[in-house]
Amino acid sequence: MITRNGIVVVMSAVVLLLAGTWADYPELIALGLAGVATLLVAAGWMLVRPRLRAVRETSPQRVAEGARAYGVVTVTNTAGRRSPPVVATETVGNDRINVPLPSLEAGGSVRMMYALPTGRRGRYVIPPFEVDHTDPLRLLRSGGSCGGHSILYVHPRVHTVVPMSFGGPREMEGPTSSSSPQGGVTFHSLRDYHPGDNWRRIHWKSSARVGKLLVRHNVVPDEPRHLIILDTSDGPYDDASFEHAVRVAASLCVAADRAGYPVTLRRTSDWAVAPEPPDSQWDNGATATLDLLSSLERSSQDRGLLTLTDLVRDVASPDSGVALSVVTGEVEPEHLELLTTMRSCFLTVSLIRIGEKISRSVTTPAGVLAVNARTSSDFAAQWNLVVPP
């Protein structure tokens, strides 16, 4: 492909040759021929294409907004001759990074490190390098790619917040349910024997009475759990407010995870994708939750908090042991009515509203902890004041 410089040389050569011929001016013709010769030399240079092999990785693969992340690439010249210096272009989202690669002897390699943009959260699939091969005067250019794809997760910024208070110490011998994790020492019920079950758990008296083998079904006692609902609809936010709301949800998830409480995050967009009660994965880890939040976007198809009843249907009961936190922007009266009706079904209910223009005149339902904040850092300061450590 001819570059802008190459186009200038071609046009200049044509003009000089035409002018020299018309005016019978040998010097102009000589200059025009020099331009043609330069283009021919550049074309010959381009025939010697570099043969490079690149191995690239991101370090680290997961970072918080604004933290440092680097691309690390090892380039090897696989040709039998010295490779010319080239420029590799890295594309991360809308950003393009030029990485100059030096000339390499046959079989030689070089390891390069360069900073990656991490100013905005996201899950970035980084495509292979684009390698630009040009002549010394940059008249012609050819492009190719080398290396493979890699992924960079830029997690939302996390603030240090107090984990939700559940109103008492955690019990090692607490209540159980059929959904409690198996493998504990607390007896929940008897069930049919399955091949592979421990024979020491067979309840012989009950087995003799019913005529089949029954085993003790032991589980881990139910613990208080934190359910976080993030409103991902368009209505309550502008772009900046939504970013702060994502950081709030991330901060609450990380706080519960560090405190050892099972936590799960649900988005109001979940109902638009699969209109049925979600199968929660409690305590699926802060890293997996932050990965999910990295690529989260608002949706105009999202019904927002109007789906709240459906999102919590599987855990809404007075003995569920679940604390509910709802993160949103501006709320409508019908949203507050939903919180009022489900207040008795949870240990605690908190309503967190994020935005520069949050209305302070909205009356919060009785028994609901309300936090109104302009930014995520403002939320962290208020939350740590009202929630006991």
Against the longest principal axis of the chain, how steep is helix 333-342, in degrees 0 to 90 to the nearest 10, with axes from Cα atoms? 50 degrees
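At 0.36 nm per residue, and after removing the present C-alpha to C-alpha distance, how many nm does the segment from residue 51 to residue 374 gain when stretched out fully? Intermediate results must be reported in sequence, preceding the final value.
On the way: separation 323, 0.36 × 323 = 116.28 nm, distance 5.40 nm.
So the extension gain works out to 110.9 nm.
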At what distance in nm do the modelled label points of residue 94 and residue 334 sit from each other, each positioned 7 Å from its Cα along Cα→Cβ? 3.4 nm
Within the accessible area of the stretch 222-267, what % is carbon and sulfur when the probe is 1.4 Å and the other protein chains stay in place? 41 percent
Quick one: compute the contact order of the chain, relative version, from alpha carbon pairs under 8 angstrom and 6+ residues apart, as a percent. 13 percent
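Give the accessible surface of the stretch 1-124 per residue, rounded to a whole number of Å², with probe radius 1.4 Å and ligands, DNA and RNA excluded. Mind showing how you got there, number by number?
Details: 7510 Å² over 124 residues.
Roughly 61 Å² per residue, with all protein chains present.
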To check you understand DSSP bridge types, tell me what percent of the beta bridges within the chain (both residues inside) are antiparallel, rounded to 5. 65 percent
Quickly estimate the mean residue ellipticity at 222 nm for the chain, helices only: each DSSP H run with n ≥ 4 gives -39500 (n - 2.57), and the total goes over all residues, rounded to 500. -8500 deg cm²/dmol
Expressed per residue, the solvent accessible area of the stretch 285-366 in Å² (1.4 Å probe) is about 45 Å²
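Excluding residue 355 itself, calculate the net charge of residues whose Cβ lies under 9 Å from the Cβ of residue 355, where each Lys or Arg counts +1 and each Asp or Glu counts -1.
Values: positive: 353, 357, 374; negative: 238, 330, 356.
Local net charge: 0.
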Using Cα atoms only, what is the angle between the long axis of helix 26-47 and the major principal axis of the chain, expressed in degrees (0 to 90) to the nearest 10? 40 degrees
Any idea what Rg and Dmax come out to for the chain if you just take the C-alpha atoms, in Å? 32.1, 120
Suppose R0 equals 51 Å; then what is the FRET efficiency for residue 72 and residue 386 from their Cβ-Cβ distance, rounded to the nearest 0.05? 0.70
Sorted by chain and then number, the residues having a modelled amide H within less than 5 Å of the amide H of residue 370, at least 5 places away or on another chain, are 351
Once every Cα of the stretch 68-160 carries one equal point scatterer and solvent is ignored, give the base-10 log of I(q)/I(0) from the Debye formula at q = 0.10, 0.22, 0.23 Å⁻¹, two decimals. -0.32, -1.15, -1.22
Run the simple label-point estimate for residue 113 and residue 190 please: 7 Å along Cα→C-beta, distance reported in nm. 6.5 nm
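Which trypsin sites (Lys or Arg not before Pro) in the stretch 1-72 pass both tests, a DSSP loop state and at most 11 other beta-carbon atoms within 10 Å? Mind dumping the intermediate values first?
On the way: sites: 4, 51, 53, 56, 62, 68; in loops: 51, 68.
Of the trypsin sites (Lys or Arg not before Pro), the ones in loops of the stretch 1-72 whose Cβ has at most 11 other Cβ atoms within 10 Å are 68.
The values are calculated or read from the model by the stated rules, or taken from the named source; none is laboratory data. Bear in mind the structure is a predicted one, so any value in this text is a computation, not a measurement. No Cβ is skipped: glycine too gets one built from the backbone with ideal geometry, and neighbour counts run over all protein chains shown. Calculation scope for accessible area: heavy atoms of the full protein, side chains included, ligands and nucleic acids excluded. Shrake-Rupley method; radii C 1.70, N 1.55, O 1.52, S 1.80 Å.
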